[in-house]
Structure formats: C-alpha cells, structure tokens
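> First, the structure itself, so that you have it in front of you.
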C-alpha cells in the first residue's frame, strides 16, 4: 500500500513538473490584421498595441514564467481566401493558442467560420463591426472589443441631425462592413426625419470614381456620407468629389478615420466629421500615456481595442492556469466582466497576481470593456472633426 501511495504521489509530482516546464517555454499567440490592403495605414499600430499587452503579461510572469510570443499574419482586410490561409498557418503550423484579430468584418467572418471555430481557437477582433457577427455560430470562440455597427449607425445619425443636416447622399464600400453600416445609418437617419437622396455602393481598388461621384452629386444632396476605407475607395470618392467640386464636406465612420486620409488627400478637409469607437476614460488616458512611451500614438483607430483584445487573451490564460485553447475560451467572459477587481491598462501584473491567488478580476482596460452575453462590447463613440490638419474629439457619445 505504501508503495502504491508513493508511486501515485511521484506521478503527480512528475506531471506538475512537466506542466511547469511547459509554461516556462514559448506560448504562441496570433495577430492577424490587414498589413496590406485598404486599412494598411492603421494596422501597424494596432498590432504594436496588442504586442504591448503581451509583453506586459510576460513581464508580469504569466503562467509562472511563460513567454507569450506574437506571430503576425496578413488578413488583407478584403481577401477572404488569403485571410483564411494566413489564419490556417497560425493555427496549424505555428500552433497558436489564440488569435487577436481579424480586422475587417468579411475576413473576420471567414476566419471564424473556417479556422477558429473548427479548431477550437479563441479569436478576439478589435475592429470587426458588422452587425451580422452578433449572431454568428461561433460556439463560444468569437469575441470583439469593438462595438457593432448597429450602434454606430444610430450614433452617427444622431451626430448628423444634431448638426442640422437633414438631407444627404450615402456611398459605402460594397462588402459586409459597408452594407451593414449603411443599412444601420440610413435606417436610423430616416427614423430621425432625415432624407437620403441616394445610396451608391463603391468597389475598392478602382483608379477612377468619377461615375460614382457624378451619380451622388446628381441626387441633389449637398452632404455626402462616405462609409468606406481610409486607404481605398472611400479616399478615392473624397478626392474626386473635391476635384470636381461635387462635395466639400464629408460624413465619415470608423473605417475612414485615420491621419493618412488627411495626409494623402489633395484638398482641404476642414469641417469633415465622423464617429470612431472610443472614450476619454481614465483607462484610455492611462493607455495613451503607456503607448506613447512605447512609440505608439495611443489614440489612433482601434489601438485601444487591440490592446484590450490581447490583454483579455492573456488574462483568460492566467484565469484558467493554462494556455490550452479550450481553457482560454472558457475564461474570457469571466475576466472581461464583473465581479472582480477592476483592471486598467498597465495593471496586468496586478491582475495576474490576483488570479494566481484565486481571486476575480473585472478587466475594464482602455475601452471600458463590458461584454454582452454573446461576447461583444457595447462601447462608446467619439465624435471627431477635422481641424488644423488632424482629427479632433468634439465629444464622447
């Protein structure tokens, strides 16, 4: 009997030592964003923001000494086949434990359906905003720190009406993101009493948008809402509009917000306005300070959401005491929502120590994270306006 007990205890100690050894090694985590394509000017700092969270977790001694190693892949934002291929490499060849990304709604949907869910891999998007993702059959593996465009459409419509604009034309990029956002915005604007003279989809990657701009201008509207991408068709629509004096001020949503728009447009965009997920909370201020110290603006599009997505992945690992894929998925909601000690950017060490002690955390992060029962953020929005060569925050809604 004593020998049996001794053998049992020995086996337990061996397993424990193996577990400790496993987590003193590499734990790979994927970052898949459109490093090429229509938002390529936005993604480098999104990736860097996520990597900042993983480094913070490493420095805090996550999982008793693991090293979270980020592996990047290109979603292209628009090519579903290429995005799926990149995600498959992350999951099969690189054997990542979880994925931060993707970015654009179409490729995020493709990756979730074809790679993440079939392989049981948690995927947290910082910027996929299509309302269709709310009801995706994700089996508990898909989350997003960016709010749905169902809400952004309502917020943007109210911003427009508050500025006394009651008549406008709309153009949107012809994909899941653009169509979903346009439907939400147009529906909300009409419900508030506004008139939409025409809705014109546009394709990205064209050299000339004169036909679309001519149709939009002929509709009789003086104002144009451009629901597209900052480095692609949306920019082309705006440039042609300015060149032909068709429109002089533009209404934008998140995909069009970025300094590259101002820098790369030949003309004056002063007065152009729009909405972008974000806030000016204590958490946001703390992230901006920390990001700035690491060469990241901190207040750029989806940087805060990217940091939060990566932080949630790390904390879900620690909460479950494992980098096992299924364990991560089971613990995301627990660390994202109450109850527990509130955690802000720069406090991952505090969170990890609390979790090590068996205590609960309520990760608020840079964006006041609070997930719905389907794992998406409700979020708040900044109303931005271009002036003095940059986007300026007018208020938070």
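The values are calculated or read from the model by the stated rules, or taken from the named source; none is laboratory data. These numbers were taken from a predicted model, which means no experiment stands behind them. No Cβ is skipped: glycine too gets one built from the backbone with ideal geometry, and neighbour counts run over all protein chains shown.
> Can you give me the number of residues within the range 296-314 that are outside any loop (DSSP other than H, G, I, E, B) and either more than 22 Å from residue 140 (Cβ to Cβ) or more than 18 Å from the chain's Cα centre (by Cα) (or both)?
Of the residues in the range 296-314, 3 are outside any loop (DSSP other than H, G, I, E, B) and either more than 22 Å from residue 140 (Cβ to Cβ) or more than 18 Å from the chain's Cα centre (by Cα) (or both).
> What are the residues in the range 318-333 that are part of a helix (DSSP H, G or I) and out of contact with any helix residue (DSSP H, G or I) (no Cβ under 6 Å at 6 or more places or on another chain), if any?
Of everything in the range 318-333, those that are part of a helix (DSSP H, G or I) and out of contact with any helix residue (DSSP H, G or I) (no Cβ under 6 Å at 6 or more places or on another chain) turn out to be 325, 326, 329, 330, 333.
> Quick check on the range 341-352. Is at least one of its residues in a strand (DSSP E or B) and either in contact (Cβ under 8 Å) with a residue 24 or more places away in the chain or closer than 30 Å to residue 182 by Cα (or both)?
Yes, the range 341-352 contains at least one residue that is in a strand (DSSP E or B) and either in contact (Cβ under 8 Å) with a residue 24 or more places away in the chain or closer than 30 Å to residue 182 by Cα (or both).
> Mind counting the residues in the range 270-293 that are surrounded by fewer than 20 Cβ atoms within 10 Å (Cβ to Cβ) and under 20 Å from residue 225 (Cβ atoms)?
Qualifying residue count for the region: 2.
> Does the range 357-367 contain at least one residue that is part of a helix (DSSP H, G or I), out of contact with any helix residue (DSSP H, G or I) (no Cβ under 6 Å at 6 or more places or on another chain), under 19 Å from residue 64 (Cβ atoms) and without any contact (Cβ under 8 Å) to a residue 60 or more places away in the chain?
no
> Condition first: assigned to a loop (DSSP other than H, G, I, E, B) and either in the same structural domain as residue 228 (by TED's automatic domain parsing) or closer than 20 Å to residue 50 by Cβ (or both). Now tell me which residues in the range 63-119 satisfy that.
If the condition is that a residue be assigned to a loop (DSSP other than H, G, I, E, B) and either in the same structural domain as residue 228 (by TED's automatic domain parsing) or closer than 20 Å to residue 50 by Cβ (or both), then 66, 75, 76, 77, 94, 95, 96, 97, 102, 103, 104 are the ones that fit.
One line per residue, one yes/no per condition, for (1) closer than 14 Å to residue 348 by Cα; (2) in contact with a helix residue (DSSP H, G or I) (Cβ under 6 Å, 6 or more places away or on another chain); (3) surrounded by fewer than 20 Cβ atoms within 10 Å (Cβ to Cβ):
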| residue | (1), (2), (3) |
| --- | --- |
| 47 | no, no, no |
| 56 | yes, yes, no |
| 61 | yes, no, yes |
| 79 | no, no, yes |
| 88 | no, yes, yes |
| 94 | no, no, yes |
| 101 | no, no, no |
